[in-house]
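Notes follow once the structure below has been shown.
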Amino acid sequence: MITIHLHNLMFNGFHGIHDEEKLLGNDYIVDASLEFHETADVITHINETINYASVYQFIKKHMSIPTPLLETIVMKIGNELHTEYPFLKSIHISVKKLHPPIEGIQGAAGVTWEKQF
C-alpha cells in the first residue's frame, strides 16, 4: 500500500457563512492523504503512482471557489479525486481556517473528511 501526502498547503480564500468572511477572506491550511495499492513491485514511473502535483491542482481549484461550508470543500475535493483516480482505497482531507470569526478562538477551526473505498 502506498500513501501520497500533501501537508500544510496554504491558501487564502473567501469561504464561510458570514458576510465578513466572504468580503475579507481568510487563510487556510489543507492536508491530504491518498492511499492505493501499488501495481508494480517497485514504482519507477509517474504513471504507476498518483502525481501529487495533479492532486495539488485539484485542491487549489476548490480552494479558489468561495464556498459556505468547509465540509462541502473537502467532500468535493475527495469525490473529484476518486473520480480521477478510481483505484484509490482511501482519502483523508482536512481544511483548517486559521482565523475563524468566533470570539475567543486563538487557534484554528477545521473539518476532516475520510472515506474508504
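What pairs come up if the first residue lies in the stretch 42-54 and is under 16 Å from Leu6 (Cα atoms), the second is part of a loop (DSSP other than H, G, I, E, B), and their beta carbons are under 7 Å apart, counting only those six or more places apart or on different chains?
From residues that are under 16 Å from Leu6 (Cα atoms), the pairs are Thr49/Ile43; Ile50/Tyr85.
Within the stretch 63-74, work out how many residues are farther than 18 Å from Asn8 by Cα and among the aliphatic types (A, V, I, L, M).
Of the residues in the stretch 63-74, 2 are farther than 18 Å from Asn8 by Cα and among the aliphatic types (A, V, I, L, M).
Would you mind stating whether Asp31 is in contact with a His (Cβ under 6 Å, 6 or more places away or on another chain), surrounded by 12 or more Cβ atoms within 10 Å (Cβ to Cβ), closer than 16 Å to Gly110 by Cα and in contact (Cβ under 8 Å) with a residue 24 or more places away in the chain?
yes
Cβ-Cβ distance below 9 Å, separation of 6 or more or different chains: which pairs start in the stretch 1-27 with a residue that is more than 16 Å from Ala108 (Cα to Cα) and end on one that is part of a helix (DSSP H, G or I) and modelled with pLDDT of 95 or more?
Final answer for the pair search is Ile4/Val55; Leu6/Val55; Leu6/Tyr56; Leu6/Ile59.
Can you give me the number of residues within the stretch 6-28 that are touching a helix residue (DSSP H, G or I) at 6+ places or on another chain (Cβ under 7 Å) and either surrounded by 16 or more Cβ atoms within 10 Å (Cβ to Cβ) or at pLDDT 95 or above (or both)?
Total satisfying the criteria: 7.
Are any of the residues in the stretch 80-103 surrounded by fewer than 17 Cβ atoms within 10 Å (Cβ to Cβ), over 24 Å from Asn26 (Cα atoms) and polar (S, T, N, Q)?
Yes: the stretch 80-103 contains one or more residues that are surrounded by fewer than 17 Cβ atoms within 10 Å (Cβ to Cβ), over 24 Å from Asn26 (Cα atoms) and polar (S, T, N, Q).
The values are calculated or read from the model by the stated rules, or taken from the named source; none is laboratory data. What you are looking at is a predicted structure, and each value in this text was computed from that prediction instead of being measured. Here Cβ is always computed from backbone atoms with ideal geometry, including for glycine, and neighbour counts include all displayed protein chains.
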